[in-house]
Structure formats: structure tokens, C-alpha cells
Amino acid sequence: RALARVRTWVAETGVRWGLDSAMRRELELPGEDANTWAFGLRRLFLGYALPPLQPPQTALYGEVLPYPDLEGPEAEALGGLQAFIDTLARWRADLPRPRPPAEWAADLSRLLADLLDPDEEEEALLQPLREALEGLSANAQAAGLNEPLGLDILRAEVAACLDGTAAAQRFLTGRVTFCNMVPLRSIPARVVCLLGLNGTDFPRDQRPTAFDLMAARPRRGDRSRRDDDRHLFLESLLSARERLHLSYVGNDQRDNAVRVPSVLLEELLAYIQGSFRFVDGAELMKRLVVRHPLQPFSRRYFDGSDPRLYSYREDWCRAAQAQPEKGSDLFLTAPLPAAEPVGDRPGLETLDLDDLIRFLRSPAQWFLTRTLGLRGPDEADTLEETESFVQDRLQSWQLKQRLLEHAAPGREAEWGPVLRGAGILPHGPAGDLILEQAGVAVGRFRDRLAPYLADPLEPLELDLPIAGLRLTGWVSGLTGSRLVAYRLGRPRAEDQLALWVRHLAVNLAVPVGVPLRSVLVTEEETIALAPVADGNGRLADLVGLFRQGQTEPLPLFPKTSLAYAAGGWDGAARTAWEGGFERGPGESAQPAIRTAFRGRDALEPPFEALATQVFGPLLAAMVEGEAS
């Protein structure tokens, strides 16, 4: 947990690379302190030491913006991060100094102690390195070499020692030992498991080089690796005392093509089949050979048809219940108990309005993360390693959004020191130009948005009975004339969908003194929604989709679905799905969609029905000529 918190600090304080400005000058680069570790740590310690400020309040301290999100109990993790960086800085300054081999061995041993904290098993992995260092010192002493050696020479010598023949590792030291196939005849074991007995992998295929004359004309007594493997296989069989588990990949993971086992395994099965029979007449191979499904959520693990296949994972069980393919190895002949409705489960009697919006924005992502507990590649904890020289679209939008939320009208340019103190702006004149352009765009959008935000009201608390559960949450952006949402950019389908859900909730709640109209203000256009007569029914439909989306990924893709509902499968919908040269990748390229709908067409008929059901009423409620 502390490591995850440190990663968040590093990302949000703008640390990119370099210890400090002095290190950058050593590399003949501008001595900028921003985006270095020294810069990030100053932000963290100032945020811990200074009293917190409520946005939009800011306070620079020595041209550094204190990091606000840091609490007292986190001081230990912050101190550990500072100690780690200090240790790296100390060794970085000390390692380039030449020294005699004996001193190198002692110093590098201290380096290992400072940077690594191995447990009992990991200590064995470090032993070859420690032995290489000791061997380097002993060889230098035997040769009478006391001259100082540079770091490059030492690195090459240690690498040569480590690339040599590895020392024998400890064997049979615990309850379970993982090892290569080694002679086991004299070492009995209760259970022996051999994995990877594939036809193409075992016995190993010995491919001699073209100039190997011994291989071209083999003689009796020459070593044969295939014969060695056959002997190892026999010794493994003799070593097993109670259980013997032999495993191979029976089907290709890409196209499910049948793959053959090792010839040794086939010979063993043929011998058993010809030598033994069950008293009850059961087929021998069906009892000895177990075919495991490829997916852990296969229904065969949960339907009880084979007692040798079982699982304790409740989430995989729910996924198995959602499998529709009949005729595959996942099909269940005896139906499982019906999935319990989401709204009837203990603790799920209520549905938060924001959760409903998050679900509708990406049902596929919701199903993977919330139902299956998967984590996509787009959520990987990768940290930036280069400082910003230019800004992409997302960074540019985030900069303008920050100015819109925190900077006073007409004073966006004064936020330059604050943004530099946070490590957000590029260095030098490039940052000044980007800030100037963002300030102009923000000022223009403020002028467009201001008439809509007149007469603001307090947020509305919701507690509405919908489709057997309670829809709760808060709706902000209410004014005396309408519900107002805004986006500093182009209108997105996700924003229109979020406005639609809140618009339905307000129409159902019917708050006193609030007209049942809504608008979405963007840089390019204003989208207005008229009052809805059947808000309860429309909202109940969306809640029903939420229930369904807990057991299967729904083919609802906001951008593509909105374009389809507006004009059918024309150029706009196809471009939204497939992407284009100027627009970039389409929705079909999103990792969550590719994963959730792998192996089937995501645009099959349910897509059309869902697009019409969700976005048809939204399009019908839009009105033109909405005055501010």
C-alpha cells in the first residue's frame, strides 16, 4: 500500500528524471530543477509541513508549489522515499572513484546491504554475486594486483564471473521443489509432477551444427540427448511413491487445434491401456486422462459433471453463469442456479447515480473491472520518464481545465508560476506560449459559459425508488433556469449520456423552483434537453441495463452507439467504430472492448437495439435554439 502511494506521489508531483539541476548540468543540459527528484521531494515535504489550503487557493514557497494531498501517517513512507533517494545519490557520487579490488569487494558488499533486503530464499540468488566479488578480491591478491581499478573494468570482470558456470543450487530444501529434470531414481518423492511434456518439446531435439563431423557420423557410445531424456523420464516414474502427475498442452491456445503429447507419454499410456483394466469395465483413458478447459471460468469447473474439475472462485462462477455458447466445452447441460439480481443482494439495495453513469460510459470496462476483477493494460502503473517539451491533446485539455476551475477570470496568465511550481508547464519560452494560448481559449469559453451559470442553486440530493432499488446521489450544476453541464472541448457522447442520466433524475425528482431543462455547453455548440414526461420509465430502462451488465458485457459503445442512433450505420458511425487517419483509433481499438468481446462480433444485433434504446430517447429530447 505504501509503494502504491509513493507511485502516486511521483506521478502527481511531476518527477520525470534526474537527481537535481546539478546532475543535469553534468550532462551538459540546462540546469533546470523542475521535474527532478529534488523538485518532487521539495513539493512533498512542503505539503507535509505547511497547512493545507482549499482550492482554488494556492501558495508558492520558493517557486515550488507544495503538494497538498499528504497526511500525517504517511510521513514514514515519505521518509523512506527520501532515504532511498539519498542512498542512490551517495552511491552515484562514490562509485566512479577508482579503488583497489579488495576495496571494491568491501564497498559493493555495503552497496548490496544498503539497497537490498532479501529474505531467506532471495539471499540464495545473491550468493553468486557475493562469491564473484570475493573471487575478484582473492584473485587480485594472489596476483599481487593492488592498482586502483575503474568502474568499467570492474563491471566487465563481475559480468564475466556471473556469465560463467553457475554454482549448484540447493535441492530438495522445502516441501515443494521446482527444478529441471534431473536424475531422481535415488531420491524418492511422495508426488512427482512433470510439466510441459509436449510433442515438440520433449524429448529434446538435438540439432547439430553443420560442421559437427561427429554428429554427421555417429558411433556407438556417442551421447544422445534424446536417449538421456528417455532415461530421465524413466527415473522420474520410478521416483514417484504415491502420486504421478504428467501434463502437456493438448490444444493450441489460439485456434484450439489438437496438439500431440510427447512420444514418451504416448508410449506410457499405450502400455497402461494394454496391461490394465478396471473391474467395473470403465474406460481406462477416461479415468486417467483429465482434460482441463482453457479458461478458469469454464462451466465445467462449476457444473459438477467431473468431480476432478472444481474451483473456489466466486467471481469465476458468476462469469460461468453468463456463458451463452451452446455446443462448446463451456456449455452447461444442467442449468446453474439463476444469478441473483443485483438489486436484491445484501448491501446492494441502493445504486449511486455516479456509478450508473460510469457503467453506461463503458459497460465493457465495468464488467471487466467490477465483475471479473481484471485490470487492463491501459491501467498499468507506468510513470513518465521525460519532461514535457510539448503537450498532447489530453495534457492541453487538463491545463485549460485547471485554469478554468482555479484561475480568476482574466488572470489566467498569472498562474504561470503556479503551474511551473507544480511541474506542469514545459520549460522556457515554450511554456509561456502554451500558457498564453490556453489562457485565450479559457477566457473565450468563460464568456460563452457565463450566461448559463447565472442564478446558481445548491446541489440536489437524490433518493429515488427505481426498478426495485433506490437511486441515490447528488446533482450539481442547477440554476434557476436549468441544469447546466459544461466541457471545455468538443461535445463527447459520454458527456451527453451523463447529462441525460442527470436530466432524467431531475425530471423524476421534480425539485421545487428548478425548471426541468438541461444544457451541455461546449466550445463548439450547446446541446439542450427538453422536459421528459416518462422519466421514471426511461431511468428504469437504464437501471435494468445496469443489472444486466453485471453478468455480461453489453455491446453499448457511447460514440458509435450515438452515431448509429442518429443516422444509422453511415460514415459517422463507422468512423467512430473503426477510427480514421485524422481522428485516430476508433472505439473498437479500446483494450476493454477488445478483451470483453474477443472471439465474437461486438456489433451483432443487440448493439443496434441497445443504441436505439439508450440514445433514441436522448436524441428525441434534444431541442434547438436554446437561449441563454
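The values are calculated or read from the model by the stated rules, or taken from the named source; none is laboratory data. The structure displayed is predicted, hence computed values, not measured ones. We place every Cβ from the backbone using ideal geometry, glycine too, and count neighbours over all the protein chains shown. Each accessible area value is taken on the protein alone, full model and side chains, heavy atoms only, with ligands, DNA and RNA left out. Shrake-Rupley method; radii C 1.70, N 1.55, O 1.52, S 1.80 Å.
Numbers for the structure displayed
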item	result
Peptides 419-432, 196-209 ordered by average Cβ neighbours within 10 Å, highest first	419-432, 196-209
Using alpha-carbon coordinates, inclination of helix 37-49 to the longest axis of the chain, degrees	60 degrees
Accessible area of the chain divided out per residue, in Å², using a probe of 1.4 angstrom	61 Å²
Highest-first arrangement of 35-48, 12-25, where packing means the average Cβ count within 10 Å	35-48, 12-25
Chain lengthening between Y48 and L234 when straightened (0.36 nm per residue, less Cα-Cα)	60.4 nm
Y271 paired with E26, simple spin-label distance in nm, labels 7 Å along Cα-to-beta-carbon	6.5 nm
Residue-wise HN-Hα coupling along the stretch 198-207, computed from phi with Karplus coefficients 6.51, -1.76, 1.60 (Hz; x: Gly, Pro)	7, x, 8, 10, 8, x, 5, 8, 8, 10
Solvent-accessible area, 1.4 Å probe, carbon plus sulfur percent, for the chain	53 percent
Karplus-derived 3J(HN,Hα), 6.51/-1.76/1.60, for each residue of the stretch 479-486, Hz, glycine and proline x	10, x, 10, 5, 8, 10, 10, 8
Full-extension gain in nm, D107 to D455, via 0.36 nm per residue minus C-alpha separation	118.3 nm
Karplus 3J(HN,Hα) series, Hz, for the stretch 124-139 with 6.51 cos²θ - 1.76 cosθ + 1.60 (x for Gly, Pro)	5, 6, 7, 4, x, 5, 5, 5, 5, 5, 5, x, 4, 5, 5, 5
Amide H partners (placed H, <5 Å) of L483, local residues excluded	R517, S518, V519
Other-chain or far-sequence residues with amide H under 5 Å of G579's (modelled H)	G586, E587
Other-chain or far-sequence residues with amide H under 5 Å of D352's (modelled H)	T472
